[in-house]
1. Kindly state which strands (runs of 3 or more DSSP E) lie completely within the range A:188-234 and contain at least 3 residues that are within 11 Å of another protein chain (Cβ to nearest Cβ) and crowded, with 22+ Cβ neighbours inside 10 Å.
2. Looking at (1) touching a residue at least 40 places away in the same chain (Cβ under 8 Å); (2) in a helix (DSSP H, G or I), find the lone condition where residue B:331 falls short.
3. Go through (1) farther than 30 Å from residue B:281 by Cα; (2) surrounded by 15 or more Cβ atoms within 10 Å (Cβ to Cβ); (3) within 14 Å of chain A (Cβ to nearest Cβ); (4) modelled with pLDDT of 95 or more one by one and return the number of the condition residue B:126 breaks.
4. Residue A:113 is checked against (1) facing another protein chain (nearest Cβ under 9 Å); (2) crowded, with 21+ Cβ neighbours inside 10 Å and fails just one. What number does that condition carry?
5. Go through (1) facing chain B (nearest Cβ under 10 Å); (2) in contact with a helix residue (DSSP H, G or I) (Cβ under 8 Å, 6 or more places away or on another chain); (3) touching a residue at least 40 places away in the same chain (Cβ under 8 Å) one by one and return the number of the condition residue A:175 breaks.
6. Which residue out of B:299, B:281 is surrounded by 11 or more Cβ atoms within 10 Å (Cβ to Cβ), under 35 Å from the mean Cα position of the chain (by Cα) and under 30 Å from residue B:199 (Cβ atoms)?
7. Quick test of your reading of the structure: residue B:44 fulfils all but one of (1) touching a strand residue (DSSP E or B) at 6+ places or on another chain (Cβ under 9 Å); (2) within 14 Å of chain A (Cβ to nearest Cβ). Name the failing condition by number.
8. Would you mind telling me which numbered condition in (1) more than 30 Å from residue B:150 (Cα to Cα); (2) surrounded by fewer than 18 Cβ atoms within 10 Å (Cβ to Cβ) residue B:45 fails?
């Protein structure tokens, strides 16, 4: 009788443990394999890679809201220029091509709308008016002057995390100024078909230079929205 | 009791081992984007971009796979836009806010927005409807994937948002003209670099995949540096490339040349050349001088000075040898003559007599030996 009782207790405990394991595995979303299986099978998913551009920090972690600050300027009766740098050690321009654009790609910078302006409460100035190199208004539809020049050629191009990749056939773009309707998009860097099919690259030190018209009212909240695009182009 | 616990632990360990293999891992590439859902078997380029040759009024079903490989869930906008040239002839796409009047207007996506968890993807079908009377030749547009703005823009700054695009190349059947011309090739010096800028204009009605080759040769013909690659030159656009050549340390005179090669056959299309030989356009050669770098100038001047010094030295030695050979006379050594005594009488260095007669140390002269000496000086 004692043996029967002990055996019954043991099975109760075993049943309780099994029930517990099933519940826990169900909650955790773990699928149990067939009990009869004698071999272990590790499964692994490698998601399809996609061509992408991002702004990352020194550890290649995405920067949530990347920004670029241009040097501050004081009110002036003369046309003046402020400068800044797009792509720094803590906000690197990062291109990843995990075999997704073998024919070539290009990264370009453009305003989210060509009619955009540096916007502040009650006062604006332009980023794409070429009249007297941005010192005066004209040429475009709005009534403000100002012009933004982007010079990627002074930047530094490097391989990202890929140990076996090279920068050969990846190149930084040339200096250019936004001009509404004529230059709406400026090439930051591009990779030809001969660049690494699987690779990642970073660019830092892209020079930005903004012409501010004379007598532009002082304000601390001028901002503009730019879009960095990567296009599988060929 | 001990046995009871043992069997319990055994069961738990067994269950753990059974559960372990079912754990899945995922390797992530960061970033979001997309790729063509239906690549064509005969054109590998369609794995990266959309390429179709269509007739007016045609309807083409297509699809884009939108991928979120970032670490977080994202709401992604999916939209079509017209293409626009970027600087340097690169391909770019217009913005969501801009009006569409070409391929961007021909595309109708089934969805304009997708919500994707980390590591997931979704197929978004779309149709391309070609208008009844489009211009013959190539038209370009884009499918773009952009994160929906969450309003995190900061004032007083340049706010940057990212998007990924895929080119949509639609060629309308008809009289296809594939023609390129070289419009410029310049060589400019700036700081430590020489910039070579070839320029090509597409005068045809379709984009042309072009093999660009820029070579820098020495004046003797050997290639010092070669740049280039295969680039699309878009319909009606001028493409300019900029290549940097670091000024050579030693400087020198160089010859830069530029070749653009492309398939002129109308049967060629994006990603597919015909079997015809490529047509090559050659720019005129540009000869340029690159000044040596500062350390090289120092080394070159030093080397030049050394060469001058050695030349003068050799000339002087040869002149002396000639004088000795033509003017010196033979003298028979008598008892008591030494090289020093003879040199004193002739008023020259004894070393000169020793060198002319190849007399080695200890410079002893034997009676009856014949040597050459300078002639008698006239008094």
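The values are calculated or read from the model by the stated rules, or taken from the named source; none is laboratory data. Note that the structure is a prediction, hence the values are computed from the model and not measured. In this analysis, Cβ positions are derived from the backbone assuming ideal geometry, glycine residues included, and neighbour counts consider all displayed protein chains.
1. Details: elements: A:198-204, A:206-212, A:224-232.
By residue number, A:224-232.
2. That leaves (2) as the condition not met.
3. For residue B:126, the failing item is (3).
4. (2)
5. Of the numbered conditions (1) facing chain B (nearest Cβ under 10 Å); (2) in contact with a helix residue (DSSP H, G or I) (Cβ under 8 Å, 6 or more places away or on another chain); (3) touching a residue at least 40 places away in the same chain (Cβ under 8 Å), the odd one out for residue A:175 is (3).
6. Working: B:299 fails: under 30 Å from residue B:199 (Cβ atoms).
From the options B:299, B:281, the qualifying one is B:281.
7. (1)
8. (2)
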